Amino acid sequence: MTALDERVQQAAALVRRRIEAAGGDPEAVQLLAVTKGQPVDAVAAAAAAGLADVGESYVQELTSKAEQLAGLAGGPPAVRWHLIGRLQRNKVRQAAPYVHLWQSIDRLSVAAEVANRAPGAAVLVQVNVTGSDQQGGCPPARVPAVVEACTDLGLDVRGLMAIGAQGNDAEVRAGFRTVRDLADRLGLPERSMGMSGDLEIAVGEGSTMVRVGTALFGPRGGSQPVGN
Ligand SMILES: *Cc1c(COP(=O)(O)O)cnc(C)c1O
């Protein structure tokens, strides 16, 4: 075990305790390790800590890490890649061989391309509860139509994903509650919500998957790749 492996294992235990303290069943709330902006070693450390589900925001970063890991002596760690960042249609083909769960489906053109390149793929529809365009997601009122269109395309819609609102706790909570209500109405089991800073609120509102980066790996280094 490397020093990084040990740090991540300890950090994961702390995050699991936070989930539990917020009233979540640590067995029922999945912990997705977000490795964007972290070196490829972070992915191996997550896997070593039992976090086999790993999230990346940028297609290029995801594929480059997956390829680096594939070249490891002894074979790559067994990880399931989740794409959680804003997705462009022209990046879908490149990502398709790797992605286990597409978490950021927010419009029909992207859904159609995913259905084309990865027929039957598991997806989440991203809901925009912040009102900010930057973060992607479709407005709550559009969610039923996007979910239906994804299903019609043969995609396996598991649930909804959202980035918490920027604001006070009440605003953050209201956003997550919107997601939960929509998921309940549509009969969708998965609610991917909550990050390092707001996971307690998300768990309180019924999150089934928290996406955690900095609380596991520390601050992200370097600049984010552009053009994605
Ligand atoms: C970066 C990111 C995260 C993780 O954020 P942290 O604050 O580092 O935990 C989760 N979800 C999405 C969509 C992200 O882009």
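The values are calculated or read from the model by the stated rules, or taken from the named source; none is laboratory data. Here the structure is a predicted model, which means the values were calculated and not measured. Ideal geometry is used to build each Cβ from the backbone, glycine not excepted, and the neighbour counts take in all protein chains shown. In case anyone asks, the SASA skips ligands and DNA or RNA and just uses the protein heavy atoms, side chains included. Shrake-Rupley method; radii C 1.70, N 1.55, O 1.52, S 1.80 Å.
In table form, for the structure just shown:
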| item | result |
| --- | --- |
| Helices (runs of 4 or more DSSP H) within region 1-88 that include 3 or more residues under 28 Å from residue 173 (Cα atoms) | 3-21 |
| Members of region 155-192 found to be touching a helix residue (DSSP H, G or I) at 6+ places or on another chain (Cβ under 6 Å), over 30 Å from residue 116 (Cβ atoms) and open to solvent by less than 70 Å² (accessible area, probe 1.4 Å), listed by number | 164, 165, 172, 176, 178 |
| Hits in region 85-108 (condition: more than 16 Å from the ligand (Cβ to nearest atom) and open to solvent by less than 50 Å² (accessible area, probe 1.4 Å)) | 92, 96 |
| Failed item, numbered, when residue 67 is tested on (1) of a type in the set (Asp, Glu); (2) open to solvent by less than 30 Å² (accessible area, probe 1.4 Å); (3) away from the ligand (no atom under 16 Å from the Cβ) | (2) |
| Residue list for region 135-154, filter: open to solvent by 10 Å² or more (accessible area, probe 1.4 Å) and either farther than 19 Å from residue 194 by Cβ or touching a residue at least 60 places away in the same chain (Cβ under 8 Å) (or both) | 139, 141, 142, 144, 145, 147, 148, 149, 151, 152, 153, 154 |
| Evaluation of residue 201 against (1) under 19 Å from residue 101 (Cα atoms); (2) within 16 Å of the ligand (Cβ to nearest atom) (one fails), failing number | (1) |
| Tally, over region 25-56, of residues that are more than 16 Å from the ligand (Cβ to nearest atom), in contact (Cβ under 8 Å) with a residue 40 or more places away in the chain and farther than 18 Å from residue 4 by Cβ | 1 |
| Residue 89 touching a Ser or Thr at 6+ places or on another chain (Cβ under 6 Å) and more than 20 Å from residue 7 (Cβ to Cβ) | yes |
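Rundown of residues vs (1) within 23 Å of residue 56 (Cβ to Cβ); (2) within 16 Å of the ligand (Cβ to nearest atom); (3) modelled with pLDDT of 95 or more, yes/no style:
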{"site": "157", "(1), (2), (3)": "yes, no, yes"}
{"site": "175", "(1), (2), (3)": "no, yes, yes"}
{"site": "197", "(1), (2), (3)": "yes, yes, yes"}
{"site": "212", "(1), (2), (3)": "yes, yes, yes"}
{"site": "224", "(1), (2), (3)": "yes, yes, no"}
